[in-house]
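This report concerns only the one structure given below.
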Amino acid sequence: MYLLVDYDYELPAELIAQKPADRRDHSRLLRLERATGAVCHHRFDAIECFLCAGDVLVVNDTAVVKARLLGRKESGGKVEVLLLDYAGGSRPSSPGGFACECLVKSSKPSRPGTRLLFDHGLSGRIIAVGDGTCRVEFSGDGDFDAMLERAGRVPLPPYIRRADAPADRSAYQTVYAAVRGAVAAPTAGLHFTPELLSRLRARGVVIVPITLHVGYGTFAPVRVEDIREHRMHAERFMIPTATAAAVNAARADGKRVVAVGTTAVRTLEVAADEDGPVAAGSGCCELFIYPGHRFKVVDAMITNFHLPKSTLLMLVSAFAGRENIRNAYREAVAERYRFYSYGDAMLIE
């Protein structure tokens, strides 16, 4: 249960989705019952049949920034930079100034003092080199966010083996994204359309936001054999007062709290006290959920299919049971579901 190898599985490469579904809510939905392990298959827009009046649906309204930069070193050679902690970056007093932790990919090892040049007048300087990451200070003529919007690329994950396209600017963003800060999409939310959300509200489903800015903590690889030794990178979150009140009222009334995605699960669980009430406020989430975790808030969750040996797979295994997840994933492979960020979804209840 605590060995990394326990969370491995085989996935044919052709099942890794390289583009989104033709329509967001026409992706497939595998419904998994936690108590029995039973699964059934639907189209995602059938989700409205499984949500009831009074259910509280918690969505993550973070918005993805263009966090991937392609450029060159001033000394020569190509460089690729991925901002890891846009939400936690600092803004020095220099024009266009901004500094944050980054992944820097180039032909030679990164060194402090190296200058990086990008399009649209944006440049950077490596000011510190850490364990696999670098701290980069950016500068340029103008506002950093405006320069990043022009020079940056949509930060598609590396298993999507193509360059980002103009369509990804909207496709790799939820329809309710509102607060800039994520460097990866909360992908369970990609399946919702405005029309589907309206139908859910008409059924009496209460839809409320939290914000967790997806950063390196969500997708950093687990490098230890005993998963209990893994440490999550901090990600910034915020829970509005109205959201906490809606979640706590649902629990008091015996209604369900349904989290859209692992980021919503982690945010609600980290903000709950031992008896379950969720506190409004903001902070940094370093919660690592793996089998043995006692869930205090979440009754059901919507999630995508996750990478082998990932913390996300460990979280859903904690929620649904490791064997239930292994069996559900086997069936998803056999049924040719599409996996990962642009792939299909699960409802676990």
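The values are calculated or read from the model by the stated rules, or taken from the named source; none is laboratory data. Bear in mind that the values here come from a model prediction, so they are computed numbers and not experimental data. So basically every Cβ, Gly included, is an ideal-geometry build from the backbone, and we count neighbours across all protein chains shown. Note: accessible area is taken over every heavy atom of the protein model, side chains too, but ligands, DNA and RNA are not part of it. Shrake-Rupley method; radii C 1.70, N 1.55, O 1.52, S 1.80 Å.
Quick look at the values:
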item: For THR174: the one exception among (1) in contact with a helix residue (DSSP H, G or I) (Cβ under 6 Å, 6 or more places away or on another chain); (2) of a type in the set (S, T, N, Q); (3) surrounded by fewer than 20 Cβ atoms within 10 Å (Cβ to Cβ); result: (3)
item: Number of positions in segment 305-318 that are over 11 Å from PHE219 (Cα atoms) and either in contact with a Gly (Cβ under 6 Å, 6 or more places away or on another chain) or part of a loop (DSSP other than H, G, I, E, B) (or both); result: 2
item: Residue within segment 177-186 that is assigned to a helix (DSSP H, G or I), open to solvent by less than 20 Å² (accessible area, probe 1.4 Å) and either modelled with pLDDT of 95 or more or among the polar types (S, T, N, Q) (or both) present; result: no
item: When residues of segment 208-253 are limited to those that are open to solvent by 30 Å² or more (accessible area, probe 1.4 Å) and small (Gly, Ala, Ser), the one farthest from PRO158 (Cα to Cα); result: ALA252
item: Segment 141-170 - residue that is in a loop (DSSP other than H, G, I, E, B) and over 30 Å from LEU15 (Cα atoms) and, of those, most open to solvent (accessible area, probe 1.4 Å); result: ASP141
item: Exclusive hit being touching a residue at least 60 places away in the same chain (Cβ under 8 Å) and more than 27 Å from PHE339 (Cβ to Cβ), set ASP226, ASP273, ASP253; result: ASP253
item: Residue match in segment 36-53 (condition: within 20 Å of the chain's Cα centre (by Cα), crowded, with 19+ Cβ neighbours inside 10 Å and more than 30 Å from ARG111 (Cβ to Cβ)); result: yes
item: Residue count, segment 274-290 (criterion: open to solvent by less than 50 Å² (accessible area, probe 1.4 Å) and in contact with a Gly (Cβ under 8 Å, 6 or more places away or on another chain)); result: 1
item: Unmet criterion (only one of (1) assigned to a helix (DSSP H, G or I); (2) among the hydrophobic types (A, V, I, L, M, F, W, C); (3) touching a Gly at 6+ places or on another chain (Cβ under 6 Å)) for PHE138; result: (1)
item: Strands (runs of 3 or more DSSP E) enclosed by segment 1-109 - at least 1 residues per element that are aliphatic (A, V, I, L, M), under 30 Å from CYS284 (Cβ atoms) and free of Cβ contacts under 8 Å to residues at least 40 places away in the same chain; result: 78-83, 98-106
item: Hey, ARG199 in contact with a helix residue (DSSP H, G or I) (Cβ under 7 Å, 6 or more places away or on another chain) and either open to solvent by 10 Å² or more (accessible area, probe 1.4 Å) or modelled with pLDDT of 95 or more (or both) or not; result: yes
